[in-house]
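Participant: Let me begin by handing over the structure; questions about it come next.
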Amino acid sequence: MSDPELVALPVGFERFHRRDFINYQLNRAHALGFADRDELFGAATHVRGMDDCAAVFEDLSNRAAAEGRHRQAAGYARIAEFFTPPRSVEKTDRYRRYLQLFDTAFGAGLARHTIPYGEASLPAYALPASGPRNGGTVLLHGGFDSLIEEFFPICQRIAAAGFQVIAFEGPGQGGARTLNGLTFDHDWEKPVGAVLDHFRLDQAALVGISMGGYWALRAAGREPRIHRVVAWPPVYDWLYRIPRVARGPIHAMVRHRDFMRWSVRIRARLFPTLRAVVDQVLYMLDSDDPADVAEWFLGMNTEHLGSGRVNQDVLLMCGEHDAFQPPALARAQARALMAARSVTTRTFTRAENADQHCQMGNLELACAVLTTWLQAADTGSAETSPA
């Protein structure tokens, strides 16, 4: 049985686990409607650290699948896959199993596509507008460590608002990396252009989630077929919050690669969350050199982004307590969009249960803001501060 129906998403950011990084990932599954609240609390009692997560949630996924709860089985399989070391054999196996469970739960509601890209391909799926189609096409992609399947509930809500939705993974992401071997490229106009070409689109909106907010704006400034763009949330420049006087020395330090290798290795051993970030970047780049991690992050900067080239309607969405991409980055990004047709910034609050990264805690509200803005932009009446 497939389960393509639009199920109401839970409201509230929970304290499932004492460690913030683990807690966020569990909230991610819960907020997207892929996990049962009580089961997450129960599973978290068996998790001391990140190394425990894969086995605990694989077991929970197996139990949910045996009971015919395919939505939860897929959600728990994703958590297990997320916490599996990127270059392990288990990573690919768990990724494939996640896709199978996801398609069992939702496959009837989407069409899979493979988009030619270089010598390989990019994964994508398409959802038609549900109900009257009163909008155009919306392209959607994730960021640092996401899979497009986990955004299916968001895509459903965009489709319900009258838009055709195409979700895709670029090089270095999801199946493009795990199955097709494509390594990362910050020049996001390349995969966006490939998607537009494949679907023969002359015009589309572009939504980038998490770090994808940076890449979406980069692509919009170089791809005229994108006529409006959403950064959910923006990055702008990873050094923006560092005092200007310190930025030059940081760049100089990064050029001392032997020192950077030593520094990244030591810090990764001391901090498990940093270790996960380092491992993910190296996997995306297919690199064994820890010095590449610092360069990768510094590659996301104001010059590379080129905010002055963005001339579309722009929506910037952020949470007031986002620990990964805080509102200061959104404010700086808004000021830099001097050529944009319009710029709308929406900061979500704790009172709305939407203050965390990517509004995990109240995605119903975030999707309502997103779709309202998309519809208004379609009619040429985008507001400056949607409710």
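Participant: Can you tell me the length gained on complete extension of the stretch I266 to I250, counting 0.36 nm per residue apart and subtracting the Cα distance?
Facilitator: Working: separation 16, 0.36 × 16 = 5.76 nm, distance 1.77 nm.
Additional length available on full extension: 4.0 nm.
Participant: Sort 297-308, 25-36, 335-346 for me by packing, meaning the mean count of neighbouring Cβ atoms within 10 Å per residue, highest on top.
Facilitator: Values: 297-308: 15.8, 25-36: 23.0, 335-346: 18.2.
Put in order of decreasing packing, that is 25-36, 335-346, 297-308.
Participant: Moving on. Which one is right for this structure if Rg and Dmax of the Cα atoms in Å is calculated from it: (i) 22.1, 67; (ii) 21.7, 71; (iii) 19.9, 59?
Facilitator: Only one option fits the structure, namely (iii).
Participant: Can I ask one more? Give me the number: length gained by fully extending A108 to E67, i.e. 0.36 nm times residue separation minus the C-alpha to C-alpha distance, one decimal in nm.
Facilitator: Details: separation 41, 0.36 × 41 = 14.76 nm, distance 2.01 nm.
Computed gain between A108 and E67 is 12.7 nm.
Participant: Lys and Arg at +1, Asp and Glu at -1: add these up for the other residues within a Cβ distance under 12 Å of K190 and post the number.
Facilitator: Counting the neighbours of K190, the net charge comes to -3.
Participant: So, one more: Which net charge results for the neighbourhood of F102, defined as the other residues with beta-carbon distances under 10 angstrom from its beta-carbon, given Lys and Arg at +1 and Asp and Glu at -1? Walk me through the intermediate numbers first.
Facilitator: On the way: positive: R71, R78, R97; negative: D103, E149, E150.
In short, 0.
Participant: Express the accessible area of the range 228-291 per residue in Å², computed with a 1.4 Å probe while the remaining protein chains stay in the model. Could you put the intermediate results ahead of the total?
Facilitator: Numbers: 3620 Å² over 64 residues.
Value for the range 228-291: 57 Å² per residue.
Participant: Cβ under 13 Å from R225's Cβ, R225 left aside: what net charge do those residues give with Lys, Arg +1 and Asp, Glu -1? Walk me through the intermediate numbers first.
Facilitator: Values: positive: R200, R222, R228; negative: E189, D197, D202, E223.
Residues near R225 contribute -1 overall.
Participant: Where the accessible area of the chain is counted over protein heavy atoms with a 1.4 Å probe, how much of it, in %, is carbon and sulfur?
Facilitator: For the chain, the apolar C and S fraction of the accessible surface comes to 52 percent.
Participant: A further question follows. In Å², what does the accessible area per residue of the range 55-105 work out to with a 1.4 Å probe? Working shown, then result.
Facilitator: On the way: 2140 Å² over 51 residues.
So the range 55-105 comes to 42 Å² accessible per residue, rounded to a whole number.
Participant: Ok, one more. Evaluate the range 160-305: find the radius of gyration of its Cα atoms, find its Kirkwood radius, and give the ratio Rg to Rh.
Facilitator: Details: Rg = 17.0 Å, Rh = 16.8 Å.
That ratio is 1.01, to two decimals.
Participant: What residues qualify as long-range amide H neighbours of L315, i.e. H under 5 Å apart, gap of 5 or more or another chain, H built at 1.01 Å from N?
Facilitator: The list, which skips near neighbours in sequence, is V229, V230, A231, T344.
Participant: Another question, if that's okay. Under 10 Å, Cα contacts only: if you run a Gaussian network model on the chain, which one of G170, G221, G248 comes out with the highest mean-square fluctuation?
Facilitator: G248
The values are calculated or read from the model by the stated rules, or taken from the named source; none is laboratory data. Computed from a predicted structure; not experimentally measured. Quick reminder, even Gly has a Cβ in these numbers, built from the backbone with ideal geometry, and neighbours come from all protein chains shown. Surface accessibility is based on the protein's heavy atoms, side chains included, excluding ligands, DNA and RNA. Shrake-Rupley method; radii C 1.70, N 1.55, O 1.52, S 1.80 Å.
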